[in-house]
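Input: a single structure, listed below in structure tokens.
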Amino acid sequence: MKKIAHRFFICFITGLIGGILIGCTMMSALVSYRIDQYHEEIMYLKTVIEDSDIKYKKLKESFDNVNKKKFLVSDIEVHLMYVDGEENNFDKMELIKYIKDKYKDLLWKEVRGIDTDLVVGLIDDDILMIEDKSYELGVSRVLISDVFKIWVTVKRNQ
């Protein structure tokens, strides 16, 4: 009886080790197959990005060559000046986002074709509600060049 139990134990341990080895081999093969698929996808996406960058650079060069004599607005900068000195980072980001959204149509426009009075009137004396707070906006200065800069006074209404 002891011999049978000993053989059974050896057979069980051999089967267990064999199963573990086969399972690890199959799992390793499956994982390496998935990693290879992800690697191929990453390489494909990198080539797509490189192609898009090349096309973008060529388009920008051709656009710059056509519009060498034109002075275009390429960026928008917003400078906030708080009247009451109370500045909240979250509200500041919301205000800048709101103002940039109002002036996004000025991007890539010719500077000579922009009417300053209309630009100032977009947000001058505007009231913006953020959560339960209201802010009154007023334009103090505007600079229109390749970078559109606007200085806005912000007053929190109670």
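Across the range 129-148, which residue is farthest from the chain's Cα centre (by Cα) among those that are within 12 Å of L80 (Cβ to Cβ) and touching a residue at least 24 places away in the same chain (Cβ under 8 Å)?
By that ranking, first place goes to S140.
Of these, L128, L80, L107, L137, which one is over 15 Å from V154 (Cβ atoms) and either surrounded by 13 or more Cβ atoms within 10 Å (Cβ to Cβ) or modelled with pLDDT under 90 (or both)?
Values: L128 fails: over 15 Å from V154 (Cβ atoms); L80 fails: over 15 Å from V154 (Cβ atoms); L137 fails: over 15 Å from V154 (Cβ atoms).
None of the other options fit; the residue is L107.
With the condition kept exactly as written, say whether any residue in the range 20-37 is of a type in the set (V, I, T), over 20 Å from the mean Cα position of the chain (by Cα) and not in a helix (DSSP H, G or I).
Looking through the range 20-37, none of the residues is of a type in the set (V, I, T), over 20 Å from the mean Cα position of the chain (by Cα) and not in a helix (DSSP H, G or I).
I'm trying to understand the selection: among the residues of the range 80-127, which are part of a loop (DSSP other than H, G, I, E, B) and touching a residue at least 24 places away in the same chain (Cβ under 8 Å)?
Quick first cut of the range 80-127, residues part of a loop (DSSP other than H, G, I, E, B) only: 83-88, 103, 107-109, 114-115, 122-125.
Hits for the range 80-127 are V83, D84, E86, Y103, L107, W108, K109, I114, I123.
Can you pull out every residue in the range 149-158 that is without any contact (Cβ under 8 Å) to a residue 40 or more places away in the chain and in contact with a strand residue (DSSP E or B) (Cβ under 7 Å, 6 or more places away or on another chain)? If you could, list the steps in order and put the result at the bottom.
Step one: filter the range 149-158 for residues without any contact (Cβ under 8 Å) to a residue 40 or more places away in the chain, giving 157-158.
N157, the sole residue that qualifies.
The rows are residues; the columns are (1) in the same structural domain as I150 (by TED's automatic domain parsing); (2) within 17 Å of I150 (Cα to Cα); (3) out of contact with any Lys or Arg (no Cβ under 9 Å at 6 or more places or on another chain).
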{"site": "T47", "(1), (2), (3)": "no, no, yes"}
{"site": "I54", "(1), (2), (3)": "no, no, yes"}
{"site": "L118", "(1), (2), (3)": "yes, yes, yes"}
{"site": "E131", "(1), (2), (3)": "yes, no, yes"}
{"site": "E136", "(1), (2), (3)": "yes, yes, no"}
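The values are calculated or read from the model by the stated rules, or taken from the named source; none is laboratory data. The structure displayed is predicted, hence computed values, not measured ones. Cβ atoms come from the backbone with ideal geometry, glycine included; neighbour counts cover every protein chain shown.
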